[in-house]
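Undergrad: I have a structure here, written as structure tokens, and I will follow up with some questions on it.
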């Protein structure tokens, strides 16, 4: 798999589509490797006339890990009401995307992010407007603590449990966690979830990086005022049944960005159902072409 040295780290990536087409940069969310952008979905985007670049965020997948920084005890931190300072910020993660585009010789791109990746994508467009052609924010939020919060017990179940000690335990935990946030209108099979969880484990299992990424989320600023200044075409996609990032986060994002389009998807939660790939790709492509 190709990699580049950018922003002081190694970033692993791949790309699909015609190298001469406009670039879509895909940014994935907390704990999720770039392979969480399913190849069938990437192919849908590429078939609509785009060069699609996906990559592993720092501290996950094959990109640089920050293990020298240690792993905070988040359960103890939450219990004491004191969250440790982040090792890096969402701004640093957005700058990784810029560094990757620099290394690929890409001057501007359409920025698409999901969940934490949506937070990074928003940060990218705010802080690097000259590199941004459009924004698509998928089941994400603005950083305002009054919106987009997890439903009771969901985040704790996903991110604050003791890490599994064996491969099989990790795979089963992945299946259980995915089921919690899967779309009720498009339920995946246990076989599909187990296959996906096993592939993620075998590619790069790194729970310590998830904790450090979580700290970056907890330290994020409220971007609402800055989003008022976003001038690129913006599409906000959110499921109406999302228990991890309540859809109030998506609605607040669309209200903050002038002229943003909101697609509130019936029956979708905090995943990307295969049945929606084609329509989602159509809508993202249409937003890109508004640029």
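The values are calculated or read from the model by the stated rules, or taken from the named source; none is laboratory data. Only a predicted model underlies this, so the values are computations on that prediction, with no experimental measurement involved. Ideal geometry is used to build each Cβ from the backbone, glycine not excepted, and the neighbour counts take in all protein chains shown.
Undergrad: Quick test of your reading of the structure: residue 135 fulfils all but one of (1) under 18 Å from residue 241 (Cα atoms); (2) buried (at least 17 other Cβ atoms within 10 Å of the Cβ). Name the failing condition by number.
TA: With (1) under 18 Å from residue 241 (Cα atoms); (2) buried (at least 17 other Cβ atoms within 10 Å of the Cβ) applied to residue 135, the lone miss is (1).
Undergrad: Output the residue which, of all residues in region 156-168 that are touching a residue at least 40 places away in the same chain (Cβ under 8 Å) and part of a loop (DSSP other than H, G, I, E, B), is nearest to residue 245 (Cα to Cα).
TA: Step by step, filter region 156-168, then rank; the result is 160.
Undergrad: Return the total of residues in region 49-87 being at negative phi and touching a residue at least 24 places away in the same chain (Cβ under 8 Å).
TA: Result for region 49-87: 27.
Undergrad: While we're here: Quick one: residue 153 ticks every box in (1) at positive phi; (2) in contact (Cβ under 8 Å) with a residue 24 or more places away in the chain except a single one, so which number is it?
TA: (2)
Undergrad: Let me ask you something else. Where in region 181-269 are the helices (runs of 4 or more DSSP H), entirely inside, with at least 3 residues that are within 16 Å of the chain's Cα centre (by Cα) and buried (at least 20 other Cβ atoms within 10 Å of the Cβ)?
TA: Because the criterion is at least 3 residues that are within 16 Å of the chain's Cα centre (by Cα) and buried (at least 20 other Cβ atoms within 10 Å of the Cβ), the helices (runs of 4 or more DSSP H) in region 181-269 that meet it are 207-218, 248-256.
Undergrad: Looking only at region 57-90, filter to residues that are modelled with pLDDT of 95 or more and in a helix (DSSP H, G or I); which one of those is surrounded by the most Cβ atoms within 10 Å (Cβ to Cβ)?
TA: This residue is 90.
Undergrad: Can you tell me how many residues in region 27-56 are more than 23 Å from residue 159 (Cα to Cα) and not in a helix (DSSP H, G or I)? Full working, then the answer.
TA: Residues of region 27-56 that are more than 23 Å from residue 159 (Cα to Cα), as a first pass: 39-54.
Okay, now just the ones that are also not in a helix (DSSP H, G or I), so 47-54.
Summing the residues that are more than 23 Å from residue 159 (Cα to Cα) and not in a helix (DSSP H, G or I) in region 27-56 gives 8.
Undergrad: Right, next: The conditions are (1) more than 20 Å from the chain's Cα centre (by Cα); (2) buried (at least 16 other Cβ atoms within 10 Å of the Cβ); (3) within 30 Å of residue 219 (Cβ to Cβ), and residue 158 fails exactly one of them. Which is it?
TA: All conditions are met except number (1).
Undergrad: Within region 11-24, how many residues turn out to be more than 19 Å from residue 40 (Cβ to Cβ), in a strand (DSSP E or B) and in contact (Cβ under 8 Å) with a residue 60 or more places away in the chain?
TA: So the count comes out to 2.
Undergrad: Taking residue 30, is it closer than 21 Å to residue 137 by Cβ and in contact with a strand residue (DSSP E or B) (Cβ under 8 Å, 6 or more places away or on another chain)?
TA: no
Undergrad: Out of curiosity, is residue 106 at pLDDT below 95 and surrounded by fewer than 19 Cβ atoms within 10 Å (Cβ to Cβ)?
TA: no
Undergrad: Still on this structure: Which residues, counting only those in region 114-137, are over 25 Å from residue 67 (Cα atoms) and not in a helix (DSSP H, G or I)?
TA: Within region 114-137, 128, 132, 133, 134, 135, 136, 137 meet the criteria.
Undergrad: Condition check: in contact with a helix residue (DSSP H, G or I) (Cβ under 6 Å, 6 or more places away or on another chain), in contact (Cβ under 8 Å) with a residue 24 or more places away in the chain and over 27 Å from residue 71 (Cβ atoms). Does residue 141 satisfy that? Outline the logic, then answer.
TA: Values: in contact with a helix residue (DSSP H, G or I) (Cβ under 6 Å, 6 or more places away or on another chain): yes; in contact (Cβ under 8 Å) with a residue 24 or more places away in the chain: yes; over 27 Å from residue 71 (Cβ atoms): no.
So residue 141 does not fit the description; no.
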